[in-house]
């Protein structure tokens, strides 16, 4: 019923589709259902994959290769056969993977498993391509040896070429019509198949002309040459023939090659292409290319003028032949960004010296004949030309594109890892607690406390604050309109009322922490004002806060991200964004992990966090995967309190990251608990609610059943530890041994309770000996598991996060000003506005709100003192920054303002660390591009028409005039067709304008307006009738299509194709469709739809009397849709 009431897009967003229900109900971890990893195929194949993973990621590390491969195989078995997620393996299977691998290594194995599966699928596809093609079948051994994406890609290119040749030789026109098989020319409905484009490259043309028969004269096939390169030895020697090249070419002259020279040129091209496509040749040249390829950048005219030594693109402005293999950071991504914005141009190449003295000689030595006859030498000259053509036309272009993609992927991955690392630093912070709390364990005995979170209101927005209890629930809030007022006596009374409000809040709720969101520079005023009053209220005669109270700034990013989020709007519908901001910041101080995880919604709000300057340049899917992985790591290391989520629903966002769960399964668990009512009193009850044993095994060890929620029940204390229920029997045995008591099922709980009260008794156990006994009995190592159990019995769910630290002056400075070490530093050129002259210094203000001062000796080079009045804007250089006092020392001396003074100094500093040794100072400006000559148009005589929409505009002037007008806006203007024509120009879409011709009739004279008008064959009596019946009707038809927002998309063709492909993949039984503008044909719309797998595009002409689709007019949008859905 619910699926019939709502749009499919909304059902998908809320996870109410059939696919979502299947994920929820399947007894498999949600994240494993959505990945494309390998399926378990037995010990032998798993060991083969493990060997490949070891060679790809860990070969060369200081590990025992045999043991490491066995560990990888076991980890793959956990993932593929037992459906266990990485957090479970990391926590409970340390005896398997330590000391060989870290947590990050486990994730690498997890990712490489997907890569291996991808390679296997591609190899199967290639095997299918090779069926019924003997030439391709001969490469079966090469295909089996392929173990990398590059080798598979090389074979794919080769197979594509060979298949195309086979089809052309046999008379086939691709996958469309086949003249040899007439029955294949229709589809299942008997309709003709859609024709596909026929490949007409030179190689195909020459092959069909029979020139391939000449290739054997060169003495060595491409495959034999590739084998020589792989062996680095002339395993296959060229076969010399008795006739010279010219004589041999005589017998092959044809229409496509009508002379001896043309025959040799064509066959050299064919041989060069075969060499360029041979996988062994590509592999060999690839190794050399990646070793010697270099990148050079040069500034454009724009870059030369704008990039100075302080510009973020200075380190990539002019790079001289930097080897590609030395790009081991994100610099290549910076090059692409600068190039995209038009600041630089980059080139990748092999130097002429390397090409001529390294690559060519190495290839010639393995391809040329060592014969000495003149005929042999003539053939060797042809072979030399083939090698050069193969390199320049077929190998270098492919390898450059491949290497550029590799550098882009590596740089993007580094940026994504740096983003993830920065996020983990934010969420791996323990909740703030008063100093009296025991912050080392999850069982703090501290009493409940409250905090006050304040946020500055800019301009007309009032400052607001919220009081939160230790669970993050809002107790009360306060509005402070005039707390920082400086306007004097007129508002003094209002300010005192605000101070009294703040005083009452502090008196009633006794906050232990007061935080001010560092949202902007003016937040400093609020902080200083609150600081004055807190000092009075925490000590002295006016002491109203009985316990210590800490005042601090807090990063505003979480508040800015959540203040308009759907979750906060739903929870606090009546609160303004500024108050929701204060609540989010306060909750973040109390539990950063929970608050940041609330950004992980279906809208992926976590991506809005600014974690790296190049973050916008990388793929969002991979970045999102790594950011989610941060939450998975930390959430499972910390654990989740399921009953707290029941009490405080807003804390439930972390549950989706528990091992085995996901957004759908976590929501299902919570809904089941809410329907049941009450708290969860044991892990066993949770297992019954979940009713999925594999998912239960994955998740249960990370879910806490806290004693404070189950006081009225006799709960199992092990449910409040990280010890997995599978290991409870071992835990009971350890406790009994430590207490010197027999293992009696009646007293197991008391044993655990006693040992947790006296954990030092565990120290006398010989756990290593106990582990040896277990291993001999079960065949499974357990040494690290036993020590893990001991640790949990001693400190249950000990918090691994580092404690809250007060922000440093540098952090506060960055939060308030938005300036980083790179954006504001010594030598930066800034614009300032003078305020006053004080103590011989000129006080001024920077654009970011900072105060600056210009000493008297920094005003001029000759020592003269300039007279600078108030409100003057001048350029200055930053000489020093005092971040603690938020002040900047400046200079406006001409010598300091000169860029050359700083350029050489900072250039040397950049090169001193060795990271910019290929950077050079660009002193010569690039040549100015030649300007095209503007052809002056003859002036046309002006025409005067009395009408409110008449403008004496040309076509371009009309479009410029309408550019900022709404869609449907129209003007009338002169026509280039003469005085008996008028043009109606109107806006059809953004940057889309239609120019419709109006023919005048019954004109009294040449310059007068006609008495009747024609558009095509339709007659109109006035211009207003045209506007009403033609333009307005046409725009109404357009708006009718656009009003159906569910099936309208703005954007380019490729973006909309991606959207409908994704929808087709999710709902294969439906035919998704959208309408959008056809930007290449003004006046047309494009109908996008996917009947099978390939998106189709059909043009629709919008007219005043309807829509034309497939050469047929439909008077209304309803009729158009009706026809489309039926056909």
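The values are calculated or read from the model by the stated rules, or taken from the named source; none is laboratory data. Just so you know, these numbers come straight off a predicted model, no measurement behind them. Reconstructed Cβ throughout: ideal geometry from the backbone, glycine too, with neighbour counts over all protein chains shown.
Selection over segment 1067-1104 of residues that are assigned to a loop (DSSP other than H, G, I, E, B), under 17 Å from residue 990 (Cβ atoms) and free of Cβ contacts under 8 Å to residues at least 60 places away in the same chain gives a count of 3.
Taking segment 827-845 as the search range and keeping residues that are touching a helix residue (DSSP H, G or I) at 6+ places or on another chain (Cβ under 9 Å) and either outside any loop (DSSP other than H, G, I, E, B) or closer than 16 Å to residue 884 by Cα (or both), which one is modelled with the lowest pLDDT? Here the residue is 841.
Checking each residue in segment 883-916 for being assigned to a loop (DSSP other than H, G, I, E, B), surrounded by 13 or more Cβ atoms within 10 Å (Cβ to Cβ) and in contact with a helix residue (DSSP H, G or I) (Cβ under 8 Å, 6 or more places away or on another chain) picks out 883, 886, 892, 893, 916.
The set of residues from segment 134-192 being surrounded by 13 or more Cβ atoms within 10 Å (Cβ to Cβ), at pLDDT below 50 and assigned to a helix (DSSP H, G or I) comprises 184, 185. Any chance you could count how many residues in segment 629-649 are assigned to a helix (DSSP H, G or I), in contact with a strand residue (DSSP E or B) (Cβ under 9 Å, 6 or more places away or on another chain) and buried (at least 22 other Cβ atoms within 10 Å of the Cβ)? Number satisfying all stated conditions: 1. Looking only at residues that are surrounded by 16 or more Cβ atoms within 10 Å (Cβ to Cβ) and touching a helix residue (DSSP H, G or I) at 6+ places or on another chain (Cβ under 7 Å) in segment 671-685, which one is nearest to residue 652 (Cα to Cα)? Only one residue fits best here, namely 673.
Of all residues in segment 258-301, those that are farther than 19 Å from residue 226 by Cα and outside any helix (DSSP H, G or I) total 10. Residue count for segment 64-106, restricted to those that are touching a residue at least 60 places away in the same chain (Cβ under 8 Å), buried (at least 20 other Cβ atoms within 10 Å of the Cβ) and assigned to a loop (DSSP other than H, G, I, E, B): 2.
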